[in-house]
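Reading through the structure tokens given below for one structure.
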Amino acid sequence: MLEVSDLAVEIQSSEILRGVSFNVGAGELVCLVGRNGAGKTTTLRTIMGYVAPRAGAIRLTGTDLRGKSTLDRARLGIGYSPEDSEVLGELTVAENIELPTWTRRTEKSAHERIELAFQVFPNLRRYATRPGTHLSGGERKMLSIARTLALDAKLLLLDEPFEGLSPAIIPGIRHSVHEIVRLGRTVLIAESELQHVPDYADRIYVMERGEIVFGGSLEQAHCDPTVRRIIGTTV
Ligand SMILES: Nc1ncnc2c1ncn2[C@@H]1O[C@H](COP(=O)(O)OP(=O)(O)OP(=O)(O)O)[C@@H](O)[C@H]1O
Ligand SMILES: [Mg+2]
């Protein structure tokens, strides 16, 4: 589904990504894990087309994304939930969810896609008429992921969906993400802590200083000395 090969990114003449390569198969949930500043967000932003790579290629089901705008990529079915959620505060929850149905037309009706978003995040239904500014951090995260369902995204890029949330909220979001995977969507998550990686992840890649230094299962990651050194796993 997603093939990232030898991606190199420079920002203000410093090398941020250095030869990043990884794959996400159709229907898989893959996590990029790394400490603060490792390059996770830059990787997701490059896939989404906000950052132009100096070298390397990104392919979505075989289509080279080079030269495609962020809007083109959204229309091809890549949904992005950024680190800070980017909910539109002046719009209501329902309006925030409706917007992506205008961006990308698919064989599913707008109504069907909006319903699915509310079904996966039932709490949002209670806040449907509330403006985006009146939501907690956790509710904004939910809304941000819900919008990717309204886009009918086939590949979801979720930047730190479990970070900075109260422990009471995390299991609900984790359950919703699992449901999204069960719907057959492909998911790439960026997280800074191994403990946030859902146990249903198919594979994880560990990043350090702009490079992928490990690829394997969560179980292998917990036993790997490099991973333990980098992320200091406590498990
Ligand atoms: N626009 C920018 N200008 C300058 N440096 C940048 C810019 N964006 C990212 N960087 C640098 O690139 C490196 C990688 O940043 P990135 O945001 O990708 O890390 P991250 O792994 O997502 O970290 P975090 O866990 O804190 O979100 C950092 O050293 C950061 O300072
Ligand atoms: Mg980040």
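No value in this document is a laboratory result; all are computed from the given coordinates. Treat the numbers as computed from the prediction; the structure is a model and nothing was measured. Note: ideal-geometry Cβ built from the backbone for every residue, glycine included; neighbour counts use all protein chains shown.
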Fluctuation leader among Val187, Val51, Val87 - the chain, Gaussian network, Cα springs under 10 angstrom = Val51
Using 14 Å as the cut-off for backbone N distance, which residues of region 4-27 belong to the label zone defined by a point 7 Å from the Cα of Arg54 along Cα→Cβ?
-> 7-20
Relative contact order as a percentage, the chain, C-alpha pairs under 8 Å and 6+ apart, gives 28 percent
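Of all DSSP beta bridges located in region 128-235, what percent are antiparallel, nearest 5?
Values: 5 of 10 bridges.
Among the beta bridges of region 128-235, antiparallel pairing accounts for roughly 50 percent.
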Does anyone have the angle between helix 93-103 and the longest principal axis of the chain? Alpha-carbon axes, 0 to 90°, nearest 10?
-> 70 degrees
Can you give the charge dipole size of the chain about its Cα centre, rounded to the nearest 20 debye, using +1 on the beta carbon of Lys and Arg and -1 on the beta carbon of Asp and Glu?
-> 320 debye
In degrees from 0 to 90, rounded to the nearest 10, what is the angle of the helix 170-182 Cα long axis to the longest principal axis of the chain?
-> 90 degrees
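Placing +1 at every Lys and Arg Cβ and -1 at every Asp and Glu Cβ, with all other atoms neutral, what dipole size does region 117-197 have around its Cα centre, in debye to the nearest 20? Walk me through the intermediate numbers first.
Values: 10 positive and 8 negative charges, 85 e Å.
The dipole of region 117-197 has a size of about 400 debye.
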Could you work out the equivalent-ellipsoid semi-axes for region 152-235, taking the square root of 5 times each eigenvalue of the Cα gyration tensor, largest first, in whole Å?
-> 22, 15, 12
Between Ile97, Ile170, Ile47, find the one with the highest GNM mean-square fluctuation for the chain; connect C-alpha pairs within less than 10 Å.
-> Ile170
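Could you size up the charge dipole of region 1-119 around its Cα centre, putting +1 on the beta carbon of Lys and Arg and -1 on that of Asp and Glu, and report it in debye to the nearest 20?
Values: 14 positive and 16 negative charges, 82 e Å.
With only Lys, Arg, Asp and Glu charged at Cβ, the dipole is about 400 debye.
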Degrees, to the nearest 10: 110-120 long Cα axis against longest axis of the chain | 70 degrees
Cross-link reach list, lysines versus Lys108, counting only Cα pairs under 30 Å and skipping chain neighbours closer than eight places | Lys68, Lys141, Lys154
How many nm is it between the label spots at Thr70 and Thr226, if each spot is 7 Å from the Cα in line with the beta carbon?
-> 3.2 nm
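Among 120-129, 139-148, how do they line up from the highest to the lowest mean number of other beta-carbon atoms within 10 Å?
Sorting 120-129, 139-148 by mean packing, highest first, produces 139-148, 120-129.
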In the chain the DSSP beta bridges are antiparallel at a rate, in percent to nearest 5, of 55 percent
For the chain, alpha-carbon Rg and Dmax in angstrom = 17.2, 50
